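The values are calculated or read from the model by the stated rules, or taken from the named source; none is laboratory data. Predicted model only: the values in this text are computed from it and were never measured. Here Cβ is always computed from backbone atoms with ideal geometry, including for glycine, and neighbour counts include all displayed protein chains.
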């Protein structure tokens, strides 16, 4: 059972948000890859006032490729065009884009990424300071045979995640959910992500983000999102995005997980 009392199985509420194969990456037959940056825009005291126009201007400045939604419950979602690839200038993936936006906007920013439904990553910045980074299975990825342990990394940041999202009462449930080792043969990381989004009060349609450029199931219509290609909107942006992608596919972003524990080491590299 999950901390909220919901079974983390194939009948989990995540299945209410079917994953498509449009804007996201079908990186593995077992699941989909997708990513987004989520910015707080409700003007809480810890943040500098931030509007959708501010976020859009910043995304254009960093030549981001993806879709920007409308504000929802104080949050603004920017879905990346590539879940695990380079999506912004400077060889930035979604984590790099999130870090850049946090520095540019001095706002609360989360970078959220799912790879092949086998690995969930959540990184959080408040203002210009990174408060924590979580990875459900650091061993999954291109260097899967390097001895990296599969244990969830960074679950101790749950309290910081919950407080930054205005949900401090969810800290214990979130910590339990993040620390849980899921069976990859029967449970998708998207199912864990549904619980994370619910506990933090973030838009839950994010788990269907890979359906873009089609309408998002249980989420916004594609026509209501602003599509950017290398920071440029409209038809010209599609051309610019296509040209940028030709280069970005050869310039992968840096690994989001570095110095993860290996072979029984008992050190958490995300301790700040």
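Here are a few things to note about the model shown:
- Being modelled with pLDDT of 95 or more and either within 22 Å of residue 214 (Cα to Cα) or surrounded by fewer than 23 Cβ atoms within 10 Å (Cβ to Cβ) (or both) is a property that holds for residue 87.
- Breaking point among (1) touching a helix residue (DSSP H, G or I) at 6+ places or on another chain (Cβ under 9 Å); (2) at pLDDT below 95; (3) surrounded by fewer than 17 Cβ atoms within 10 Å (Cβ to Cβ), for residue 201: (2)
- Where a residue in the stretch 248-259 is within 15 Å of residue 82 (Cβ to Cβ) and its partner, wherever it lies, is part of a loop (DSSP other than H, G, I, E, B) and modelled with pLDDT of 75 or more, with Cβ under 6 Å and at least six apart: 248/86; 251/86; 251/91; 253/86; 253/91; 253/93
- Filtered by the rule that a residue be at negative phi, without any contact (Cβ under 8 Å) to a residue 12 or more places away in the chain, in a helix (DSSP H, G or I) and surrounded by fewer than 14 Cβ atoms within 10 Å (Cβ to Cβ), the stretch 204-247 gives 223, 235, 236, 239, 246, 247.
- Residue that is closer than 30 Å to residue 230 by Cα and at pLDDT below 95, where the choices are 143, 151, 137: 143
- Residue count, the stretch 88-118 (criterion: under 12 Å from residue 34 (Cα atoms) and over 11 Å from the mean Cα position of the chain (by Cα)): 3
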